[in-house]
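Every number here is computed from the coordinates shown, using simple stated rules; none is lab data. Small disclaimer: the values here were computed from a predicted structure and weren't measured. A quick note on method: Cβ atoms are made from the backbone with ideal geometry, for glycine too, and the neighbour counts reach across all protein chains shown.
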């Protein structure tokens, strides 16, 4: 019997969402037949011929990695082989912290543009400013690099130095700034007060999500006061997923009892159910959940749980529709297998695979003229080779994934605020679940 530490994951983009667990493998699957072993022998023969006779000497490690990935991607879009770099990246994303500089960046005119330095990080202390353009990293030109490649170069071991060449408006010459990398903790939850409403945006489901959410809710309650607080907007738009246990904990934060989600694998005995514990961090205040085509996996678990329990009203457009669970199985000290092993179901027994979460109130977010045609609807049902959901229809899943950068232009947020304040006049709007309904 082989025992391996595994990680259950549900997520669309990050590799996203996970619960640490230990599983035992005792050879329960049927042994491979003779035909399978014959095919494996053919594979070995092909590999040897390519290795020995290809016109130029091939990279043997890449050949094997490509073969493994070919096998896994033929199953579904979310199963894959994680080499050392991919496995390290997944661990970094789920931890929610990394060695780096502490800047939010984008790419503009082939240079890295600083959107904003994060407060109290090496970059802000070294004098990097919003609007700066990074033209060189340790003397290497940024032009020709992708944004991901540039970001990888800026990340690194804690306490190691890096030199940035900055182009700044108003400066006659490029500015060279030396920055010493430190641990950067990425906020999983951003929050603010919108008058008498608390706004909570969950960016991703990392190891820090529940703790960040708990702190944000406590801060809002203290700032506004429970007697004046109308409720909360829980913004899950553009959230690609994350750790399964964090999705469960976030759902639990708004629920007093009942099932949150169940996962069902190939064998009936693999079914697992996760239930809420007593206690609601918001004291049962009304909640509006915002979703769009960028809300996937762990986001859909939260939206589905709160919707099924009538704990919240879901507003926006149809979500991505990823209803599968992946297990991360370490293969050695540095690589891992990411394998789809189950589907998850909302408390009412819905599988949202290839369907998504249908909002209670459909509100389209207008796309600016300059972006029309460049942003297309996206969903699980559009992915080649996706697992077809048992209730999937030709309508499919997903929708446009766009959120305006300025909250004043955010139509979906505006409608949610009106609804919480009792200002909505559309008769089709259902009432926000009240405290009594939330506990039934």
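Counting every other Cβ atom within 10 Å of each residue's Cβ, 193, 105 order from fewest to most as 193, 105.
By the count of other C-beta atoms within 10 Å, a proxy for reagent exposure, 145, 157 are ordered fewest to most as 157, 145. Counting other Cβ atoms within 10 Å as a rough exposure proxy, the listed residues 115, 328 run 115, 328 from fewest neighbours to most. Each peptide in 165-175, 286-296 was scored by the mean count of other Cβ atoms within 10 Å over its residues; highest first, the order is 286-296, 165-175. Take the alpha carbon gyration tensor of the range 163-246, find the square roots of its eigenvalues, order them as a ≥ b ≥ c, and report rounded if a/c is under 1.5; if not, report prolate when a/b exceeds b/c, else oblate. It comes out prolate by the Cα gyration axes. Based on C-alpha pairs under 8 angstrom that are at least 6 apart in sequence, the chain has a relative contact order of 16 percent.
Determine the percent antiparallel among the DSSP beta bridges restricted to the chain, to the nearest 5. Approximately 80 percent, going by the DSSP bridge assignments. Summary of the geometry: the range 73-128 and the range 260-281, compared by the centres of their Cα atoms, lie 32 Å apart. Only helical runs count toward this figure. For the chain, summing -39,500 (n - 2.57) over DSSP H runs of n ≥ 4 and dividing by all residues gives -7500 deg cm²/dmol at 222 nm. Using a ≥ b ≥ c from the Cα gyration tensor of the chain (square roots of the eigenvalues), is it rounded, prolate or oblate, where a/c under 1.5 gives rounded and otherwise the larger of a/b and b/c decides, a/b for prolate? It comes out oblate by the Cα gyration axes. Can you classify the range 388-427 as rounded, prolate or oblate using the Cα gyration tensor, where a ≥ b ≥ c are the square roots of its eigenvalues, rounded means a/c under 1.5, and otherwise it's prolate if a/b beats b/c and oblate if not? Verdict is oblate for the range 388-427.
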